[in-house]
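Down below is the structure, laid out as structure tokens.
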Amino acid sequence: MKKVKWFFNIEKEEQWLNEQLQKGFRCTGVSGFGIYTFDKTEKQYVMRLDYQDNLPKDKLQEYKGIYEDFGWNYVKGSWLSGIRYWQKEEGNQNEIFSDRESKGKYYKRLMGYSFWMGMLCFALSYMIYKDLSGFYHDGLWNMEGALFWYALLFETPFVLVKLSPVMLAILFASNFYSGYRNYSVLAEK
Amino acid sequence: MKHKLLPLSETMHYILLALREPLHGYAVMQEIEEMSNGSVILAAGTLYGAIENLNKHGWIEVVGNSGRRKVYKITAEGSTVLKLEQQRLLHILSLYEGSE
């Protein structure tokens with residue numbers, strides 16, 4: 001069974017995945033375009049998401065090796081994203097972090113990722129918008145009647161594309177903030 | 001200023017103590033479970049991060065392989081850290097005794 005769903009927040013993604021597992025499924029694949037593949041199963045599974053970007057080959061091997069020794073199975077995710085999907089049968093130890101220090105570091109990794117992606121989008125937006133004349137589509141507003149509507153429809157996708165870096169920057173900023181909140185709550189406990 | 005891993009967290013402390021013997025990652029977790037009478041059970045991500053961190057600071061090192069697993073052991077620098085932590089904790093314990 002395939003399900004398509006887009007997430008921008010790793011914690012919400014983890015929560016949704018576990019809701020699917022609760023219904024008697026097992027995740028067998030995650031693709032970059034938000035396509036999740038599940039199998040029906042009699043057993044009860046749990047999934048935990050970690051964030052680790054750009055692990056060199058030997059470190060990745062060590063990383064996977066330790067998780068697998070603990071009974072976690074690596075569910076292949078998109079090569080582009082640093083999200084690591086781990087799944088195992090429910091048991092005594094269903095968490096991947098057992099102390100506050102390591103959980104805090106996980107939030108810090110997420111914050112670092114959101115920060116740099118946000119900055120990248122911000123820089124991209126700046127490059128697009130510093131020449132504002134291109135953004136207002138002057139010709140469009142002088143048109144009348146049906147021609148105006150056709151032109152508006154035609155221009156809308158271009159405007160959306162131009163706006164997307166700003167929208168992404170906002171999403172990354174909100175992710176950064178939610179990572180920061182989780183981190184500070186953890187530090188206060 | 002003090003080293004950023006000092007004073008040692010419970011996780012780091014137990015890992016350094018366990019690695020006075022050469023062990024691979026999963027065996028470290030098992031050893032710690034036994035040493036702590038079942039009160040400290042490390043999870044995979046926590047153990048991986050801690051081993052990476054201790055290795056980066058040169059307090060433990062890879063001394064061989066057991067199949068595909070890397071085997072780690074404490075370094076001389078790591079042993080010095082344990083010695084200092086022992087003195088610190090002994091002093092704190094002596095303060096407990098003084099108040100009785």
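Whole-Hz ³J(HN,Hα) for each residue in the stretch A:173-187, computed from phi via Karplus 6.51 cos²θ - 1.76 cosθ + 1.60 with θ = phi - 60°, x for glycine and proline: what do you get? Values, residue by residue: 4, 5, 5, 4, 5, 5, x, 5, 5, 4, 5, 6, 4, 5, 5 Hz. Our coupling estimate for the stretch A:44-53, obtained by passing each phi through the Karplus curve with A = 6.51, B = -1.76, C = 1.60 and θ = phi - 60°, is 9, 10, 10, 10, 10, 9, 10, 10, 9, 9 Hz, Gly and Pro reported as x. Any idea what log10 I(q)/I(0) is at q = 0.10, 0.15, 0.18 Å⁻¹ for chain A, Debye with uniform C-alpha scatterers and no solvent? Here log10 of I(q) over I(0) equals -0.56, -0.99, -1.26.
Distant-in-sequence amide contacts of B:Val71, defined by a placed amide H-H separation under 5 Å and a gap of 5 or more residues or a different chain, comprise B:Val63, B:Gly64, B:Asn65, B:Ser66.
Averaged over peptide A:91-104, the number of partner chain Cβ atoms lying within 10 Å of each residue's Cβ comes to 5.
What net charge do the residues around A:Trp16 carry, taking every other residue with its C-beta under 14 Å from that of A:Trp16, with Lys and Arg at +1 and Asp and Glu at -1?
On the way: positive: A:Lys3, A:Lys5, A:Lys12, A:Lys23, A:Arg48; negative: A:Glu11, A:Glu13, A:Glu14, A:Glu19.
That works out to +1.
Please check: in the Gaussian network model of chain B (C-alpha springs, under 10 Å), which one of B:Gly78, B:Gly67, B:Gly38 has the largest mean-square fluctuation. Per the Cα network of chain B with a 10 Å cutoff, B:Gly67 tops the list. A simple count of charges around A:Ser98, restricted to other residues whose Cβ falls under 13 Å of its Cβ and scoring Lys, Arg +1 and Asp, Glu -1, yields -1. Taking A:Leu55, A:Leu147, A:Leu124 in turn, the Gaussian network model of chain A (Cα-Cα springs below 10 Å) assigns the largest fluctuation to A:Leu147. Which angle between 0 and 90 degrees, to the nearest 10, do you get for helix B:25-35 versus the longest principal axis of chain B when only C-alpha atoms count? It is inclined by approximately 30 degrees.
Compute the distance in nm between two label points, each set 7 Å from the Cα along the Cα-to-Cβ direction, one at A:Glu19 and one at A:Ala187. About 3.1 nm, to one decimal.
Springs between Cα atoms under 10 Å define the GNM used for chain A, and in it the highest mean-square fluctuation of A:Tyr150, A:Tyr67, A:Tyr129 occurs at A:Tyr150.
In chain A, the longest principal axis of the Cα atoms and the axis of helix A:57-69 are about 50 degrees apart. Around the amide H of A:Arg84, modelled in the peptide plane, lie the amide H atoms of A:Asp50, A:Tyr51, A:Gln52, all under 5 Å away and 5 or more residues distant in sequence or on another chain.
For the pair the stretch A:69-121 / the stretch A:38-58, the C-alpha centres are spaced 9 Å from each other. Considering helices alone, the calculated mean residue ellipticity of chain B at 222 nm is -18000 deg cm²/dmol, with DSSP H runs of length four and up weighted by -39500 (n - 2.57) and normalised per residue. Take each residue of peptide A:55-65, count the partner chain Cβ atoms within 10 Å of its Cβ, and average: the result is 3. With Cα atoms as the point set, the stretch A:19-89 shows a radius of gyration and Dmax of 12.5, 36 Å. Here B:Glu77 and A:Gln52 are evaluated by their C-beta separation; at R0 = 22 Å the FRET efficiency comes out at 0.25. Mean partner shielding of peptide B:21-32, defined as the number of other chain Cβ atoms within 10 Å of each residue Cβ, is 2.
Between the amide H of A:Asn73 and those of A:Gln87, A:Lys88, distances stay under 5 Å, these residues lying 5 or more places away or on another chain, with hydrogens modeled in the peptide plane.
Straight-line cross-link reach from B:Lys73 at under 20 Å between alpha-carbon atoms covers these aspartates and glutamates, not counting any fewer than eight positions away in the same chain: A:Asp58, A:Glu62, A:Asp69, B:Glu10, B:Glu21, B:Glu31, B:Glu33, B:Glu34, B:Glu52, B:Glu61, B:Glu85. Couplings 3J(HN,Hα) of the stretch A:10-26, computed from phi: 4, 6, 5, 4, 4, 4, 4, 4, 5, 5, 5, 5, 4, 7, x, 10, 9 Hz, in residue order, whole Hz [Karplus 6.51 cos²θ - 1.76 cosθ + 1.60, θ = phi - 60°; x for Gly and Pro]. Counting only lysines at least 8 places from B:Lys70 when in the same chain, those with an alpha carbon closer than 18 Å to its own are A:Lys57, A:Lys59, A:Lys64, B:Lys56.
Over all pairs of different C-alpha atoms, the stretch A:100-188 has a mean inverse distance whose reciprocal, the Kirkwood radius, equals 15.5 Å. Measuring r between the beta carbons of B:Glu97 and B:Glu33 and using R0 = 30 Å, the FRET efficiency lands at 0.50.
All of the numbers you see were taken from the coordinates with simple rules; none came from a lab. Note that the structure is predicted; figures quoted are calculated from it, not measured. Positions of Cβ are generated from backbone atoms using ideal geometry, with glycine treated the same way; all protein chains shown enter the neighbour counts.
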